[in-house]
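Have a look at the structure below, then the notes.
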Amino acid sequence: MSTATMTPEARTIPAGRGHAFVGTGTMIRFMLRRDRIRIPVWILGLTAYTTGALSSYEQNYPEASDRETIADMADLPAMVAMVGNNYAPDEPYTHGLMFGHVTFLIVGVIFALMGVLLFIRHTRAEEEAGRAELIRSSVLGRHAQTTAALIVVCGTALVAGLLVSMSVGASGVDGVTMGGAYLYGMGLGLIGVVFATVAAVTAQITEYARGASGMALAVLGAAYAVRSVGDVGENFLSWLSPLHWARETRPFSDDQRAWPLLLLVVLAAVLIVVAGRLSDKRDVGAGLRPPRLGSATASPLLSSPLGLAVRLQRSSVIAWAVGLAVFGAFYGALISAADEMFDQISALEDMWAFEGASFADRWIVSFIGMLGVLAAVPAILAVQRLRSEETAGRAEPVLATAVSQTRWAASHLTVALAGSAGVIVIGGFGFGIAAAIDGRDIGYLGDSVAAAAVFIPAIWVAVGLAVALYGLVPRALGLAWIIPVYGFLVVYLGDLFGVDQSAHNLSPFGHVPELPAEDLEIAPLLIMAVIAAVLILAGLAGFRRRDLHST
């Protein structure tokens, strides 16, 4: 006699457009739970930074003459390209107007980065890792994950913008109004929303998280570049960039307006619709752009761990090298115009504390310094590739051969060290070539390359910290971003915000000799090289002793 068995009825999602969003609420709760630390850090960090910047302006530029000096300096073409033109040139340059003018684009780019990185983390990265397919096998609609990610990320951006508005508006600083504060904060929040929706579109195109985030960040870079060209040339090109739309709210001026925010809302809505349409045309884990077919035979380059690491990371290194070279050339080509502006603003000499150095030398120091901080980004990304290869399971087949863990990690580390050195030197070369052509002085080329090269030990300290975290506490690898972020906000922008020298000294970038304005000091470079070596050795030792996928 046999006993009939009953199997539970399979749970399926009924057909229909509305059921494509089934499970969205569950996914929202899951994403909030997963990012219960990351999201508050983003929100509180952005709020603290903007509030601190406003406070520093009030403390360091108490007199109207001090602020007018900043306003004059901000008329330099390079400064206009970086922070935008003064949208209220005929009004008194109050602390509020100064704050809105100088910080809006800088903070806006950070909001955009937050939107892109958080969205890709919850969507395309999950598909690439295979977890999205497991989740979709349950009762979950086709668009539930994307919709949940948009709600979480856009909500995070808007909450951050609201908190920025409230903290800035409550500061009581001269020239700051609550209405202007809300325009400032909501403009920033909507920038985050727009670039989260840009990421929603790029996530449909490629099957790789790095590719999706790279395309979204390329859109951000293009928006910034178009806005820069338009602002410097004072033409319509600025209006092709959503960054300019948000800034056209003109916070803390007498001509504040809210209608540009509607442009951002409309653009975000259009991009959401586009992302949904594109999502309907692809399978889970796939992208609309099919991957390239590989060669029938493997390249000899792939016969060693180092060759494989070079193959995996060469596109990123080349892209960063080209990007920094172009970026450097842009500012190098402005060296003569900046020198002429300096002759017209006598207060700049006291403000920048030249101590005998020419303005051209200080110009090189300033913008090569920015290149140095930016060059740390691809270096840390190269180390993070170790973690992604490990967690995705691609490292295990390699390590199943005669390749040791140390040799495998060292191959990627070699790319990180050599690649970052090459990137910063190429960036300095681009700056120097443009400066030499513009200033008709070939000496600018050697000065620029030397000024860039001395940043290599500081960048390697960032690499060392990333390797140490990866080997000892892999889940904390994200903390390595503290070095470039702190370096940009405190060391590079510190003079503008009046940051004390003691804060500079906490960053390796604060100990880099300021060539060619100062003499070369070897000691700090050697000390940073030793620190980097110790961190790297500690990280490799930790990685050798732990298991793969260890937390």
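Brief remarks follow.
- If you check GLY189, GLY233, GLY180, GLY161 for being free of Cβ contacts under 8 Å to residues at least 12 places away in the same chain and of a type outside the set (A, V, I, L, M), only one passes: GLY233.
- Checking each residue in the range 522-537 for being more than 27 Å from the chain's Cα centre (by Cα) and either of a type in the set (Ser, Thr, Tyr) or surrounded by fewer than 16 Cβ atoms within 10 Å (Cβ to Cβ) (or both) picks out ILE522, ALA523, LEU526, ILE527, VAL530, VAL534, LEU537.
- Complete set of residues in the range 93-104 that are of a type outside the set (Phe, Trp, Tyr) and either without any contact (Cβ under 8 Å) to a residue 40 or more places away in the chain or in contact with a strand residue (DSSP E or B) (Cβ under 8 Å, 6 or more places away or on another chain) (or both): HIS101
- Looking at the range 1-100, the helices (runs of 4 or more DSSP H) lying wholly inside it that each contain 3 or more residues that are at pLDDT 90 or above and at negative phi sit at 24-34, 38-60.
- Filter result (among the polar types (S, T, N, Q) and modelled with pLDDT under 85) within the range 115-168: SER137, SER138
- Any hit, the range 185-193, residues being β-branched (Val, Ile, Thr), modelled with pLDDT of 95 or more and closer than 14 Å to VAL109 by Cα: yes
- Number of positions in the range 253-288 that are at pLDDT below 85 and either over 20 Å from ARG142 (Cβ atoms) or more than 25 Å from the chain's Cα centre (by Cα) (or both): 6
- Yes/no for GLY471 being within 30 Å of LEU118 (Cα to Cα), at pLDDT below 95 and either touching a Pro at 6+ places or on another chain (Cβ under 9 Å) or surrounded by fewer than 22 Cβ atoms within 10 Å (Cβ to Cβ) (or both): no
- Contact map, the range 504-524: first residue farther than 16 Å from ILE364 by Cα, second residue hydroxyl-bearing (Ser, Thr, Tyr), Cβ cut-off under 9 Å, separation 6 or more or different chains; pairs are LEU506/TYR486; SER507/TYR486.
- Taken as a whole, the structure leaves VAL373 outside the set of residues that are within 18 Å of ALA321 (Cβ to Cβ), at pLDDT 90 or above, part of a helix (DSSP H, G or I) and more than 21 Å from the chain's Cα centre (by Cα).
- Number of residues in the range 187-232 that are part of a helix (DSSP H, G or I), of a type in the set (Phe, Trp, Tyr) and surrounded by fewer than 24 Cβ atoms within 10 Å (Cβ to Cβ): the value is 1.
- For the range 124-178, residues that are among the β-branched types (Val, Ile, Thr), over 19 Å from LEU264 (Cα atoms) and part of a helix (DSSP H, G or I) total 3.
- In the range 308-323 there is no residue that is part of a helix (DSSP H, G or I), modelled with pLDDT under 80 and touching a helix residue (DSSP H, G or I) at 6+ places or on another chain (Cβ under 9 Å).
- Enumeration of residues in the range 54-103 that are farther than 30 Å from VAL326 by Cα and of a type in the set (D, E, K, R): GLU58, GLU63, ASP66, ARG67, GLU68, ASP90, GLU91
- The one condition in (1) more than 19 Å from VAL102 (Cα to Cα); (2) crowded, with 18+ Cβ neighbours inside 10 Å that SER238 fails to fulfil: (1)
The values are calculated or read from the model by the stated rules, or taken from the named source; none is laboratory data. Since this is a predicted model, take the numbers as computed values, not measurements. Cβ coordinates were reconstructed from backbone atoms using ideal geometry, including for glycine residues, and neighbour counts include every protein chain displayed.
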